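Contents: one structure, followed by commentary.
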C-alpha cells in the first residue's frame with residue numbers, strides 16, 4: 001500500500017506531525033520558558049510554528065483533494081485532541097481528566113455529522 005495513493009491517510013499523518021509542532025509552539029514555553037520574557041517565548045514559539053506550517057499547509061492541500069473543508073477541519077480537531085491529551089499529561093504533568101473523554105465523545109459526534117452521506 002502506497003501512502004501517497006491514500007490522501008486522507010497521508011493528510012492525517014502529516015497533520016499529526018504538524019500538530020505536535022503546534023502544540024509545543026503554543027504550550028511548551030509555559031513549562032520551559034516561564035522565567036523568560038514573553039517576547040522571547042513568542043519568538044521561540046514562532047520559530048517552532050514555522051515547522052508546523054511547513055507540514056500543515058501541504059497536508060491541507062492534499063486533504064482538500066479528498067475531503068471537503070468541514071471534514072478537513074473536523075479531522076484536524078480530532079488530531080488536535082489526540083496530540084494534546086498525551087502532551088498535557090506526559091509533558092506538562094497535568095492530571096488525566098474525564099473531561100478529555102467527554103470532549104472526545106463530542107468530537108465523535110462531530111465526525112459522525114460531518115462525514116455522513
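Bear in mind these aren't lab numbers, they're just calculated from the coordinates by the rules spelled out. Everything numeric here is computed off the predicted structure, so don't read it as measured data. Quick reminder, even Gly has a Cβ in these numbers, built from the backbone with ideal geometry, and neighbours come from all protein chains shown.
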Tilt, helix 38-63 to longest principal axis of the chain (alpha-carbon atoms), in degrees rounded to tens, equals 10 degrees
Simple SL model, points at 7 angstrom along Cα→Cβ for residue 34 and residue 98; separation in nm is 2.9 nm
Taking max minus min of the Cα coordinates of region 16-78 on each principal axis, largest first, gives extents in Å of 45, 19, 15
Contact order relative to length for region 7-98, counting C-alpha pairs under 8 Å separated by 6 or more residues, stands in percent at 44 percent
Among [x] 1.22; [y] 1.09; [z] 1.02, the value of Rg/Rh (Cα atoms, Kirkwood Rh) computed for this structure carries the label [z]
Among 103, 28, 16, the residue with the largest mean-square fluctuation in a Gaussian network model of the chain built from Cα contacts under 10 Å is 103
Out of 50, 75, 105, a Gaussian network model of the chain with alpha-carbon springs under 10 Å gives the largest mean-square fluctuation to 105
Between the Cα axis of helix 69-86 and the main Cα principal axis of the chain, the angle (0 to 90°, nearest 10) is 40 degrees
For the pair residue 17 and residue 113, the simple spin-label estimate (label points 7 Å beyond Cα toward Cβ) gives in nm 3.3 nm
Helix 7-23 sits off the longest principal axis of the Cα atoms of the chain, rounded to the nearest 10 on a 0 to 90 degree scale, by 10 degrees
In a Gaussian network model of the chain with springs linking alpha carbons closer than 10 Å, the residue among 40, 79, 55 that fluctuates most is 40
